[in-house]
1. For the stretch 245-283, what are the residues that are of a type in the set (Lys, Arg) and in contact with an Asp or Glu (Cβ under 9 Å, 6 or more places away or on another chain)?
2. List pairs: first residue in the stretch 344-373 and closer than 20 Å to residue 32 by Cα and open to solvent by 80 Å² or more (accessible area, probe 1.4 Å), second residue part of a strand (DSSP E or B) and modelled with pLDDT of 80 or more anywhere in the structure, Cβ distance under 6 angstrom, at least six positions apart or on different chains.
3. Assuming residue 30 fulfils every condition listed in (1) within 16 Å of ligand 3 (Cβ to nearest atom); (2) open to solvent by 20 Å² or more (accessible area, probe 1.4 Å); (3) assigned to a strand (DSSP E or B) apart from one, which condition is it?
4. Could you list, in sequence order, all residues of the stretch 470-505 that are under 24 Å from the mean Cα position of the chain (by Cα) and either part of a strand (DSSP E or B) or hydroxyl-bearing (Ser, Thr, Tyr) (or both)?
5. Taking residue 245 as the residue in question, decide whether it is touching a residue at least 12 places away in the same chain (Cβ under 8 Å), within 16 Å of ligand 4 (Cβ to nearest atom) and either part of a loop (DSSP other than H, G, I, E, B) or open to solvent by 20 Å² or more (accessible area, probe 1.4 Å) (or both).
6. Looking at (1) closer than 22 Å to residue 390 by Cβ; (2) away from ligand 1 (no atom under 14 Å from the Cβ), which is the only condition residue 212 fails?
7. Tell me, yes or no, whether the stretch 537-544 has at least one residue that is open to solvent by 80 Å² or more (accessible area, probe 1.4 Å) and either of a type outside the set (Phe, Trp, Tyr) or modelled with pLDDT under 95 (or both).
8. Among the candidates 317, 293, which residue alone is of a type in the set (Val, Ile, Thr), crowded, with 16+ Cβ neighbours inside 10 Å, within 16 Å of ligand 4 (Cβ to nearest atom) and over 26 Å from the mean Cα position of the chain (by Cα)?
Amino acid sequence: MATSIEQAEAPHNSYDTILTLDFGSQLTHLITRRLRELNVYSEMLPCTTKLSDLSWKPKGIILSGGPASVYEKDAPHADPAFFDFGVPILGICYGLQELAWRLGEDNVIAGTEREYGHADLVPQRHNSHVDRLFEGMHDGATQVWMSHGDKLGQLPDGFCTIATTQNSPYASIAHESKPIFGIQFHPEVTHTLRGTDILKNFAVGICGAQQNWKMTSFIDNEITRVRRLVGERGQVIGAVSGGVDSTVAAKLMKEAIGDRFHAVLVDNGVMRLNECQQVKETLVEHLGINLTIADASERFLSGLEGVVDPEKKRKFIGNTFIDIFEEEAIKIEKAAENTPNAGKVEWFLQGTLYPDVIESISYKGPSATIKTHHNVGGLPERMMNGQGLKLIEPLRELFKDEVRDLGRQLGIHEDLVMRHPFPGPGIAIRILGDVTPERVEIARKADHIFISMIKEAGVYNEISQAYAALDTNKAVGVMGDKRQEGYIIILRAVTTTDFMTAEAYKFDMDFLMKISRRIVNEVDGVSCVTYNTTSKPPATIEMQ
Ligand SMILES: Nc1ncnc2c1ncn2[C@@H]1O[C@H](COP(=O)(O)OP(=O)(O)OP(=O)(O)O)[C@@H](O)[C@H]1O
Ligand SMILES: O=c1[nH]c(=O)c2[nH+]cn([C@@H]3O[C@H](COP(=O)(O)O)[C@@H](O)[C@H]3O)c2[nH]1
Ligand SMILES: NC(=O)CC[C@H](N)C(=O)O
Ligand SMILES: [Mg+2]
């Protein structure tokens with residue numbers, strides 16, 4: 001439960017906020033993103049949220065798209081109280097159909113064909129308040145993106161048509177006197193060329209939201225919030241990996257409470273080459289963060305011996321992380337005895353981002369478990385129950401690129417800010433087969449060559465994530481006229497915006513061959529190198 005202080009300082013109390021009610025579309029979070037790109041703060045909540053659940057007043061409400069059909073028996077519907085609340089409403093796709101359906105069940109019908117893809121939208125001028133949604137766009141057709149099977153069969157009472165396409169006579173409608181609008185297309189996707197203008201017209205023009213959401217004010221607010229939450233003496237611990245999220249969260253804590261924040265890095269023996277050393281330099285020397293490195297590499301590597309099943313690897317690593325973290329928390333308390341920082345560690349810092357929050361609060365609920373992610377995601381629960389820790393999550397309202405922006409504002413070096421993500425279970429899930437110290441070393445060296453060459457070629461920032469994996473099957477090679485069996489290194493590099501879908505990066509073939517040559521020449525025990533070209537889906541980014 002959030003405390004009253006947390007609620008008072010929450011961004012929706014400090015910034016004009018547009019609320020998006022999520023009816024389960026894959027695209028809903030993009031609405032929130034686009035609005036924040038316009039510097040308008042926005043939050044997404046499940047469509048089952050009641051007006052009476054809200055402790056704050058949104059400036060406007062957006063009803064998202066969704067997979068259901070409004071006329072089905074168990075279709076989700078918005079709390080009717082929202083429609084009498086007096087704030088402007090914009091229905092998108094399912095949201096438009098919901099607006100029409102609640103005024104007459106015959107208003108929405110199943111179309112004879114799905115309409116999917118581009119359409120040319122022609123806005124119509126009425127010389128009344130309804131023109132505001134397409135303000136500045138009445139000079140001709142504009143390309144929009146559609147994805148629907150149902151449609152309006154007729155206009156609901158009190159509404160007029162404000163835009164049409166060839167297939168959709170009711171592509172956009174508006175209430176003649178109230179600020180209620182509906183659009184059949186999706187403004188949140190980039191295929192709708194003026195989508196951002198439409199969202200701006202709604203949020204700023206119609207709802208009157210101020211465009212004042214920016215990182216510097218977020219930092220000040222967050223530091224104040226953390227200080228009040230933790231009090232004069234409270235201590236906070238946090239697991240820090242050297243990745244962007246935990247580093248940014250740690251730096252924010254350092255700014256807020258100095259040395260009462262204790263960062264702990266667990267050396268699990270499957271980190272990248274020189275990683276612990278580098279993280280220490282960055283966190284301690286450059287950022288002045290109070291960091292303990294818990295060297296548990298032996299414990300992890302011996303526990304991983306003979307484990308082949310990827311899920312078993314992940315579970316073992318996740319559980320061992322918790323054990324070590326609990327031990328470290330107790331050590332920190334002991335070490336602080338008889339110092340000004342003495343006292344129980346009460347708080348636990350997590351680098352949770354908004355996409356994680358969305359996944360757990362979404363109307364659709366968490367998706368099927370493809371793999372056990374967020375190895376340390378289980379950490380707070382067990383630790384909070386066991387040790388009575390309370391959770392602190394300063395990044396829970398932010399998307400990854402916002403976290404990067406925040407990192408820059410906090411003075412974190414660009415190299416770290418743009419660092420590719422690295423999974424908690426590390427190289428262990430990049431070895432296809434059981435993990436041995438020799439194999440970790442080989443994968444680590446190959447990875448280091450690959451990443452260094454990508455950096456030297458100047459393409460690191462074009463790639464979202466890259467790494468080298470090791471296949472424990474051996475391939476036969478010929479080296480110095482002798483038969484030589486060696487492991488297979490699999491290179492993977494992807495581009496993605498949200499890590500939910502991804503494409504293989506298109507390297508120049510000569511460059512790939514150069515990488516391959518260096519790895520085989522410089523890393524003992526490797527006989528061949530391959531490049532994984534599969535996109536996600538059907539593959540995933542990590543291979544286990
Ligand atoms: N070796 C580690 N030692 C301590 N904590 C870790 C370690 N590896 C992962 N964690 C914890 O697990 C969390 C989740 O890892 P995740 O990789 O998603 O985030 P990150 O490492 O902070 O950033 P990035 O996504 O850029 O790698 C981290 O924020 C950190 O709290
Ligand atoms: O902290 C983490 N703990 C994990 O257990 C984990 N598994 C995958 N990943 C990262 O998640 C993103 C998507 O990966 P997948 O396509 O393999 O599911 C990619 O960025 C992966 O590196 C993890 N991160
Ligand atoms: N994208 C959507 O919101 C689709 C709405 C509804 N399920 C339809 O097919 O028309
Ligand atoms: Mg990481």
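1. Filtering the stretch 245-283 for residues of a type in the set (Lys, Arg) gives 251, 254, 260, 272, 280.
Result: 272, single match.
2. Matching pairs, first to second residue: 363/22; 363/46.
3. Unmet for residue 30, out of (1) within 16 Å of ligand 3 (Cβ to nearest atom); (2) open to solvent by 20 Å² or more (accessible area, probe 1.4 Å); (3) assigned to a strand (DSSP E or B): (3).
4. Step one: list which residues in the stretch 470-505 are under 24 Å from the mean Cα position of the chain (by Cα), which gives 492-505.
Once the filter is applied, which keeps residues that are under 24 Å from the mean Cα position of the chain (by Cα) and either part of a strand (DSSP E or B) or hydroxyl-bearing (Ser, Thr, Tyr) (or both), the stretch 470-505 yields 492, 493, 494, 495, 496, 497, 501, 502, 503, 504, 505.
5. yes
6. Residue 212 satisfies all of (1) closer than 22 Å to residue 390 by Cβ; (2) away from ligand 1 (no atom under 14 Å from the Cβ) except (1).
7. Residues of the stretch 537-544 open to solvent by 80 Å² or more (accessible area, probe 1.4 Å): 537-538.
Filter again for either of a type outside the set (Phe, Trp, Tyr) or modelled with pLDDT under 95 (or both), leaving 537-538.
Among the residues of the stretch 537-544, at least one is open to solvent by 80 Å² or more (accessible area, probe 1.4 Å) and either of a type outside the set (Phe, Trp, Tyr) or modelled with pLDDT under 95 (or both), which makes the answer yes.
8. Unique residue meeting the criteria: 293.
The values are calculated or read from the model by the stated rules, or taken from the named source; none is laboratory data. Keep in mind the model is a prediction, meaning the values are calculated, not measured. All Cβ positions, glycine included, derive from the backbone under ideal geometry; neighbour counts span all protein chains shown. All accessible areas refer to the heavy atoms of the entire protein, side chains included, with ligands and DNA or RNA removed. Shrake-Rupley method; radii C 1.70, N 1.55, O 1.52, S 1.80 Å.
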